[in-house]
1. Residue 84: accessible area at probe 1.4 Å, nearest 10 Å²?
2. What percent antiparallel are the DSSP beta bridges of the range 8-149, to the nearest 5?
3. Which value, in Å², gives the accessible area per residue of the range 53-127 when a 1.4 Å probe is used on the protein heavy atoms?
4. Can you give me the solvent accessible area of residue 64 with a 1.4 Å probe, rounded to the nearest 10 Å²?
5. Calculate the length of the line joining the C-alpha centroid of the range 91-149 to that of the range 1-47, in whole Å.
6. With axes computed from alpha carbons, what is the tilt in degrees of helix 83-92 against the longest principal axis of the chain, rounded to the nearest 10 within 0 to 90?
7. What is the Å³ per residue value for the convex hull set by the Cα atoms of the chain?
8. Determine one quarter of the surface area of the Cα convex hull of the range 16-106, which equals its mean projected area, and express it in nm² to one decimal.
Amino acid sequence: MKFHVSTVQTRHTGPLGPMIVAATDLGLAGIWFEGQRHLPDDSAWPVRPDHPLLRQAIIQLDEYFAGQRRAFDLPLDLQGGTEFQQSVWHALLAIAPGDTTSYGTLSQRIGRPAAVRAVGAAVGRNPVSIVVPCHRVVGRDGSLTGYAGGLERKSALLQLEGAL
């Protein structure tokens with residue numbers, strides 16, 4: 001993934017552990033749990049806890065974890081992904097809190113029914129955990145499969161939303 005040169009970051013600790021939150025001039029560009037798979041190299045990103053969008057993202061994350069928010073209202077910057085990845089990430093935004101879908105159904109929704117594995121790879125590389133709800137994608141049989149932040153976190157997020 002490529003991130004814009006204007007990317008800034010801050011750290012936040014939520015109930016599922018420490019997170020890195022990143023934004024650009026265009027919007028929220030990333031939320032990752034520390035140590036998760038596909039974590040970008042953030043060493044060149046200035047730490048800006050006072051950045052208005054980063055502050056707003058943290059407020060909304062805290063409300064979400066407290067059960068006071070089900071949907072996020074933040075501008076997103078997903079331009080770091082390929083066109084295909086972006087199509088998958090936008091499709092994830094249509095999965096309502098408390099609902100889940102399968103990788104196969106998601107691939108059909110984006111008009112690429114034979115691209116189930118590629119869709120799975122794109123879901124796994126989603127840079128904006130929680131806000132772009134990749135945790136709502138499950139196996140065909142409803143089993144919890146693959147989550148870059150770990151299956152325990154995926155399970156906790158789905159329980160918080162009432163999907164389990």
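1. 50
2. So the antiparallel bridges in the range 8-149 amount to around 70 percent.
3. Per residue, the range 53-127 has 51 Å² of solvent-accessible surface.
4. Rounded to the nearest 10, the figure is 10 Å².
5. The range 91-149 and the range 1-47 have Cα centres spaced 21 Å from each other.
6. It works out to around 80 degrees.
7. Spread over its residues, the Cα hull of the chain gives 100 Å³ apiece.
8. On the way: hull surface 27.9 nm².
Orientation-averaged projected area of the Cα hull: 7.0 nm².
The values are calculated or read from the model by the stated rules, or taken from the named source; none is laboratory data. Since the model is a prediction, treat every value here as computed from it, not as a measurement. With ideal geometry, Cβ positions are generated from the backbone for all residues, glycine too; neighbour counts draw on all protein chains shown. Note: areas computed on protein heavy atoms with side chains; ligands, DNA, RNA excluded. Shrake-Rupley method; radii C 1.70, N 1.55, O 1.52, S 1.80 Å.
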